[in-house]
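The values are calculated or read from the model by the stated rules, or taken from the named source; none is laboratory data. Just so you know, these numbers come straight off a predicted model, no measurement behind them. When we count neighbours, we look across all protein chains shown, and the Cβ atoms used for this are built from the backbone with ideal geometry, even at glycine.
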Amino acid sequence: MAFEAQTRALAAQLGPEVVRTDGAARFAASLDNARLSFLPDAVLLPRDEDDVAAILKAANMEKVPVTIRGGGTATTGSASPVLGGWALDLSGWKNLHIDAETGIAYVQPGVVTATLAAEAEKLGWFYPPDPSSSKYSTIGGNIACNAGGMRGARYGVTRDYVMALEGFLPTGEWVRWGGDLRKWAAGYNMRDLWVGSEGTLGVVTGAVLRLIAKPAARATFLCAFADEFKALEASRAIFAARLPASIMEFMDRASVACTAAEGLVLPLKLEGATPAVLLVELDGDAEKVEAATKSFEELVSGRTVALRRASSPAEAELLWEVRRRCSKAMFRLADGKLNEDIVIPPRAQEELLAFTQDLHARYGLATPVFGHAGDGNFHVHVMYRAGDSGDRAKAEKAVTEIMEKVVALGGAISGEHGIGLAKQPFLSLQLSPAEIAAMQAVKKALDPNGILNPGKIFGAFRIWEHEKTSVKLPWD
Ligand SMILES: Cc1cc2nc3c(=O)[nH]c(=O)nc-3n(C[C@H](O)[C@H](O)[C@H](O)COP(=O)(O)OP(=O)(O)OC[C@H]3O[C@@H](n4cnc5c(N)ncnc54)[C@H](O)[C@@H]3O)c2cc1C
């Protein structure tokens, strides 16, 4: 343990209930969904803000790395304490209050995303950000990653619902950015700088979130197409027709085949080949949804090989479950997976898809694609045999080609997962040296001792050179 003496001193100050050093706690806090395990010296469970301030003060004095964690569902290694030190676990901070009249939620960072959504619904409000991990991810982690989800096309991402944040600068001073106000123009927008900063610029200990009115009606559709290109063309036609689509999820034929092999069979009567699929939800007031349904069915029926409207909320939920389980189903293709979350402008979607299919042919590695067609945020995968060095080298080349192509097409290398450890090799494809230097200058100004989540975003980590830990996580 690199920081043994500092950990002992902190335990003497705050007590063993705050500073845990047992092996089980340290292992659980050593990784996230990327399964890159780096043991912290201790897991810290602060009772209140005084504890957080004391921890940050000690970390700055002794230069101990501090890695914040919520649900540990990050897919990039951003919650892994890559340099050891202390894992600051805020998943137990679960207070939640919703003002039923104003639709404003006052949330501690450990509140689970699905809990906030469910509590909001009980009061007739709606919290739209819905990452597929929502039963396990926390609001603190969602804010730090600017999490998106299936409803991004119409309702945006976590950032769009954050009114104010409070917590600690890396140096330990308490700050509050914004208020429970619909407008705020006093000084720099530090609130938005914290959103998406992957736990490197501040510790969120409280958030004020905006809720919106819950849509009165929803209609959910399963649309099957002969191939991916027909599905993507239809998604653009739906958008161009200005239909109120809140969700437009895409699954290519390989993804559909993998989920079916897992027993998640889509309710379609089809003869012949596996289709590519769009899952579409229209929402709004009941009359509008019925009118839009008619236009929607007219628009897509000529393009599909099968079209079905979910007959009940339970059937709709089954469709979303198929989509949520896609990521895990990919392991039917190989035991190694590079999972990207690129964003591509509508004009370039087909070109990118053709490119991934060409890579499949050239490298002999499966490249399944699924994701959010509504906002162009696609999960592109490269599957490989993790124990085969030839496969690993090919996967590295293939994923690098994908990232180069994404940038050349005017896209982004990450739309919702962030950089963490996993995407570090690609940051310089996206950002110029001046842009990276500006970001690093912000980091240096807020965290002069470099204690908060060091080794993330700007490093030289190469994920394919690290062995993943084999462990069953709660969402597997
Ligand atoms: C099955 C599955 C499906 C997923 N689907 C989606 C999806 O559809 N959309 C999407 O956007 N993501 C998705 N993800 C990724 C992940 O769930 C999100 O990034 C989520 O926001 C992480 O939340 P968490 O609480 O688990 O954070 P953690 O994994 O614990 O931490 C993530 C980052 O946030 C920082 N952090 C955590 N809490 C705080 C805090 N209080 N203050 C400051 N920084 C903090 C950490 O240091 C770390 O850098 C998925 C993951 C899985 C496993």
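For the range 117-130, filtered to residues that are modelled with pLDDT of 95 or more and under 17 Å from residue 159 (Cα atoms), the residue that is nearest to the ligand (Cβ to nearest atom) is 129. Do you know which residues across the range 199-252 are away from the ligand (no atom under 16 Å from the Cβ), β-branched (Val, Ile, Thr) and either within 21 Å of residue 73 (Cβ to Cβ) or not in a helix (DSSP H, G or I) (or both)? Within the range 199-252, 212, 220 qualify. The helices (runs of 4 or more DSSP H) falling completely within the range 89-198 that include 2 or more residues that are within 30 Å of residue 476 (Cα to Cα) and of a type in the set (Gly, Ala, Ser) map to 113-122, 139-145, 152-155.
Of all residues in the range 135-187, those that are more than 8 Å from the ligand (Cβ to nearest atom), of a type outside the set (D, E, K, R) and either in contact with a helix residue (DSSP H, G or I) (Cβ under 9 Å, 6 or more places away or on another chain) or on the phi < 0 side of the Ramachandran plot (or both) total 22. Every test in (1) over 30 Å from residue 335 (Cβ atoms); (2) within 11 Å of the ligand (Cβ to nearest atom) is passed by residue 85 save one, and that test is (2). Output yes when any residue across the range 253-275 is crowded, with 17+ Cβ neighbours inside 10 Å, charged (D, E, K, R), assigned to a helix (DSSP H, G or I) and touching a residue at least 24 places away in the same chain (Cβ under 8 Å), and no when none is. Checked the range 253-275: at least one residue is crowded, with 17+ Cβ neighbours inside 10 Å, charged (D, E, K, R), assigned to a helix (DSSP H, G or I) and touching a residue at least 24 places away in the same chain (Cβ under 8 Å). Which of (1) surrounded by fewer than 23 Cβ atoms within 10 Å (Cβ to Cβ); (2) near the ligand (Cβ under 9 Å from one of its atoms) is the odd one out, the single condition residue 95 does not satisfy? Result: residue 95 passes all but (2). Name the pairs whose Cβ atoms lie under 6 Å apart, with the first residue in the range 48-77 and in the same structural domain as residue 26 (by TED's automatic domain parsing), the second part of a helix (DSSP H, G or I) and within 12 Å of the ligand (Cβ to nearest atom), and 6 or more positions between them or separate chains? Close Cβ pairs satisfying both conditions: 70/140; 70/141; 71/141. For the range 426-476, which positions are of a type in the set (Val, Ile, Thr) and more than 19 Å from the chain's Cα centre (by Cα)? If the condition is that a residue be of a type in the set (Val, Ile, Thr) and more than 19 Å from the chain's Cα centre (by Cα), then 436, 442, 451, 469, 471 are the ones that fit. For the residues 34, 114, the requirement of being assigned by TED's automatic domain parsing to the domain that holds residue 208, out of contact with any helix residue (DSSP H, G or I) (no Cβ under 6 Å at 6 or more places or on another chain), among the aliphatic types (A, V, I, L, M) and within 13 Å of the ligand (Cβ to nearest atom) singles out 114. When 225, 296, 229 are checked against the criterion of being among the aromatic types (Phe, Trp, Tyr) and in contact with a Pro (Cβ under 8 Å, 6 or more places away or on another chain), 225 stands alone in meeting it.
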